[in-house]
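The values are calculated or read from the model by the stated rules, or taken from the named source; none is laboratory data. Note that the structure is a prediction, hence the values are computed from the model and not measured. Glycine gets a Cβ as well: all are built from the backbone with ideal geometry, and neighbour counts include every protein chain shown. The accessibility values were calculated without ligands, DNA or RNA, using every heavy atom of the protein model including side chains. Shrake-Rupley method; radii C 1.70, N 1.55, O 1.52, S 1.80 Å.
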Amino acid sequence: MREQNLRIAGYPRIEPKAEAATPDRLEFSAVFEVYPEVRVGDLSDVTIERPQTEVGAEDVERTIEMLRRQRTRYEGCRAVP
C-alpha cells in the first residue's frame, strides 16, 4: 500500500489463506478499494452551457398541490355517546 502510494477507500476485507506454509504462521490477503487516480486535462477549450429553465405560476401551483397531497393526514373521529 505504501510502496505503491495507494489511497485506501474504507476498511479492508481480511481473508485468511488456507494453504499456509507452516501451521504456526498466519497468512492472509487484504482486499480493499482504492480511490481512482484522476488527472484533469486541458480545459481551456471547453465550453460549458448552463441550462435555462423558466418556472411559471402554474408550475408552482402544481408543485404545491402535489405537496399538499403527500402531506395529508387523516385524524380518526370518535363517536360521542
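Does V60 fit the bill of being over 30 Å from R7 (Cβ atoms), modelled with pLDDT under 90 and β-branched (V, I, T)? First the steps, then the outcome.
Numbers: over 30 Å from R7 (Cβ atoms): yes; modelled with pLDDT under 90: no; β-branched (V, I, T): yes.
When the stated conditions are applied, V60 does not pass them.
Among the residues of the stretch 59-76, is any part of a loop (DSSP other than H, G, I, E, B), open to solvent by less than 100 Å² (accessible area, probe 1.4 Å) and touching a residue at least 12 places away in the same chain (Cβ under 8 Å)? Give the derivation first.
Going residue by residue through the stretch 59-76, those that are part of a loop (DSSP other than H, G, I, E, B) are 71-76.
Applying the additional criterion that residues be open to solvent by less than 100 Å² (accessible area, probe 1.4 Å) yields 72, 76.
Narrowing further to those that are touching a residue at least 12 places away in the same chain (Cβ under 8 Å): none.
No, because not a single residue in the stretch 59-76 is part of a loop (DSSP other than H, G, I, E, B), open to solvent by less than 100 Å² (accessible area, probe 1.4 Å) and touching a residue at least 12 places away in the same chain (Cβ under 8 Å).
Y11 fails exactly one of the following numbered conditions: (1) in contact (Cβ under 8 Å) with a residue 12 or more places away in the chain; (2) part of a loop (DSSP other than H, G, I, E, B); (3) open to solvent by 90 Å² or more (accessible area, probe 1.4 Å). What is the number of that condition?
Every listed condition holds for Y11 apart from (2).
Name the residue that is least open to solvent (accessible area, probe 1.4 Å), counting only residues in the stretch 34-58 that are out of contact with any strand residue (DSSP E or B) (no Cβ under 7 Å at 6 or more places or on another chain) and among the hydroxyl-bearing types (S, T, Y). If you could, list the steps in order and put the result at the bottom.
First pass over the stretch 34-58, keeping only residues out of contact with any strand residue (DSSP E or B) (no Cβ under 7 Å at 6 or more places or on another chain): 36-58.
Next, only the ones that are among the hydroxyl-bearing types (S, T, Y) stay: 44, 47, 53.
Details: S44: 87, T47: 118, T53: 119 Å².
Per the stated criteria, the residue is S44.
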